[in-house]
Amino acid sequence: MKVGWRELCDHFYHDFSKAGQFCRDSNKRLISQLDPRVGSATLHQCDNGVIVGCTPLIINRTHIADLFVGQLFFEPPDPEWFREHARKYGLDEKFLVDTLKDLPIIPRQHFIAMLHGISRTVQLIVDLHLTVENKLEIERSLFARGPAVAVVWRFKPGWPVSYISENSLEVLGYTPQEMTASDFLFMDLIHPDDVDQVQMEVQLFVAHKIDRFDQAYRLMRKNGSYRWFYDSTVLNWNDRGELESIHGYLIDQTKQKEAEQQLVAYHQELEHRVEQRTEELLEANTRLSEEVEEQKRLQQALLSSEMALEKERAALEESNISLRVLMKQVEQEKKFFEERVSTNLLSFIEPYLDKLKRTDLDVRQVNYVNIIEEHIRNMTSPFVRKSMAMNLKLTPAEMQVANLIRQGKTSKQIADLLSVSQLTVDKQRNSIRKKIGLTNQKVNLKTFLMEKMGEMAEPL
């Protein structure tokens, strides 16, 4: 990319083979010496005596081009050197010396700063362009997948289409190429019953130079079916006040139109029913005047019935209170009976178990006695009653294993206590989890038995 190139090089040196070769060799050396980093600058004085600068253009971290700026001098040139240069290579001496006046003299640091400024400006412009293009591409992509079809019409008879978004195929059944063809007229798609109205409205809007308006009409899809569309249109006028194009977007609103039509039909039906009901009410009003006395009698009878019902309600309320008191007494007696049974069971059996434990028993016998004692306590504990109340349907063996799990026993310990294999205990564990409803759940069985089915009171 060249910036600031002068006639000296473009239309003088390049026309002479030797001088032109100097220019080409200079460019090659510049490129070979280029530092491909953002903000870098490479300067070079070519064999034709002028200064040329080069800086890379980095876009999105990619080196896409090189910016050449020239030709110039850092200090006033020596005309005698250029006269000798012209004589040596057969150049036009007068033209060469006169052309030197057109080349700017810029201090080295100023030129480097200018080179960086130009580079940054170009990069900002390219970045801005890419950003705008990316946003437009995103918007086009989103729009193409949406229900709205963007259209640009030419203001000519039949309204030919100059542009339509890609989703026209999905919405109307026509590809953009079909709809923008020279022989395709948008007017041909409008329902015959809607054409005159649409044309009249557009002519009115154009005549009054209205910039934006909305319409609703039916369009024929490629398969021959008609659908209702909402059309939001913008008229584009040039500086001379002439209409150049018509932009708009179409949205299928067939479902809304059908709903509106159903609503109109519903209102009409409702009005018809109201008229019928009004006639019936007039007839009923005529009969009502004849039935006033009968209604009074019925009201009196109803009042008497309400009084009787109120008395019955009061009596029923008293009965309910008595029944609740009785049920509470039964519950208390039931609880008292359970506690007495538990107390008697423990008081009659535990002394003998204590005596038995003080006899000369081996380890297995002691374990059996402990199990018997624990089972008796469990039988009298709320845990067993709660298990039965929950209708878990545990077998006696499963109930025994559940109690030991609740006490913190491992499967191996339970197997040793019950003289069964650990596999049997594991199967009973799985059966208990299934009956409790813990299958395939990460819930600890011991925790569940202690918290969800734990004792509500200490055993007596």
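The values are calculated or read from the model by the stated rules, or taken from the named source; none is laboratory data. What you are looking at is a predicted structure, and each value in this text was computed from that prediction instead of being measured. Methodologically, a virtual Cβ is constructed for each residue, glycine included, from the backbone with ideal geometry; neighbour enumeration extends over all protein chains shown.
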Could you name every one of the strands (runs of 3 or more DSSP E) located completely within the range 182-272 that has at least 2 residues being touching a residue at least 60 places away in the same chain (Cβ under 8 Å)? 243-252
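Scan the range 32-63 for residues that are without any contact (Cβ under 8 Å) to a residue 12 or more places away in the chain and assigned to a strand (DSSP E or B) and jot them down. Walk me through how you get there before you give the answer.
Looking only at the range 32-63, we keep the residues that are without any contact (Cβ under 8 Å) to a residue 12 or more places away in the chain, and these are 32-33, 45, 61-62.
Listed by number, the residues that qualify are Q45, T62.
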Of the conditions (1) outside any loop (DSSP other than H, G, I, E, B); (2) over 54 Å from the mean Cα position of the chain (by Cα), G70 fails just one. Which one is it? (2)
Given the conditions (1) within 28 Å of Q365 (Cβ to Cβ); (2) among the hydroxyl-bearing types (S, T, Y); (3) at pLDDT 90 or above, report the number of the one that S419 does not fulfil. (3)
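For the range 42-62, give me the residue count where each residue is within 17 Å of I125 (Cβ to Cβ) and modelled with pLDDT under 80.
Our first condition is that a residue be within 17 Å of I125 (Cβ to Cβ); within the range 42-62, this holds for 55-60, 62.
Within this subset, residues satisfying the condition of being modelled with pLDDT under 80 are 57-60, 62.
Residues flagged as within 17 Å of I125 (Cβ to Cβ) and modelled with pLDDT under 80 within the range 42-62 amount to 5.
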